[in-house]
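What follows is a single structure, written as structure tokens, with notes after it.
The values are calculated or read from the model by the stated rules, or taken from the named source; none is laboratory data. Predicted model only: the values in this text are computed from it and were never measured. As a convention, Cβ positions derive from the backbone with ideal geometry for all residues, glycine included, and neighbour counts pool all protein chains shown.
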């Protein structure tokens, strides 16, 4: 078991060494997805990603964010669809368990191109800070947060951030080189 653990650590270090210094994936943080799989954030490397921060019981901004991301996905041809992944990061990891996130994914028709992540509070805060996403809990249980969609290249480098879809989904895809 120790040998397997050592091998996995070495592979992870090799992956990190291959990433550019300005890669988000250099954080190396561990997360849990909506399929109850644990994954290192650097495992997202290899395809372009659109990342957004949400919480599953949000009834205001989060459904709009998900809808906008779905519009982008629908604008892709099947071949281009394989080159882009969608990542939703939970702002309420204590509430958004894998089971809750899986239900959310099903309710919103999110397919295999989507990864819903939940982590520790400090991991969420660190990732949000790196991406300049602001959020805070309100007295009524809601969360005020940035509504940005973040585009990353295949190696986890920031391509751009924006709110909404000015110019439509096609403009986002063009900016991403898709």
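Of all residues in the stretch 126-156, which are in a loop (DSSP other than H, G, I, E, B) and touching a residue at least 60 places away in the same chain (Cβ under 8 Å)?
131, 133, 142, 146, 147, 153, 154, 155, 156
Out of 118, 90, which single residue is over 17 Å from residue 69 (Cβ atoms), surrounded by 14 or more Cβ atoms within 10 Å (Cβ to Cβ), within 13 Å of the chain's Cα centre (by Cα) and at pLDDT 95 or above?
118
To keep it simple, each residue is scored yes or no on (1) in a strand (DSSP E or B); (2) over 21 Å from residue 134 (Cα atoms); (3) touching a strand residue (DSSP E or B) at 6+ places or on another chain (Cβ under 8 Å).
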position	(1), (2), (3)
59	no, no, no
63	no, no, no
73	no, yes, yes
79	no, yes, no
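Which of (1) closer than 17 Å to residue 47 by Cα; (2) touching a residue at least 24 places away in the same chain (Cβ under 8 Å); (3) under 14 Å from the mean Cα position of the chain (by Cα); (4) not in a strand (DSSP E or B) does residue 101 not meet, given it meets every other one?
Residue 101 satisfies every listed condition except (1).
Determine, yes or no, whether residue 25 is in contact with a helix residue (DSSP H, G or I) (Cβ under 7 Å, 6 or more places away or on another chain), within 20 Å of residue 134 (Cβ to Cβ) and modelled with pLDDT of 95 or more.
no
Any idea which of 46, 106 is in a helix (DSSP H, G or I) and over 26 Å from residue 140 (Cα atoms)?
Going through 46, 106 in turn, just one is in a helix (DSSP H, G or I) and over 26 Å from residue 140 (Cα atoms): 106.
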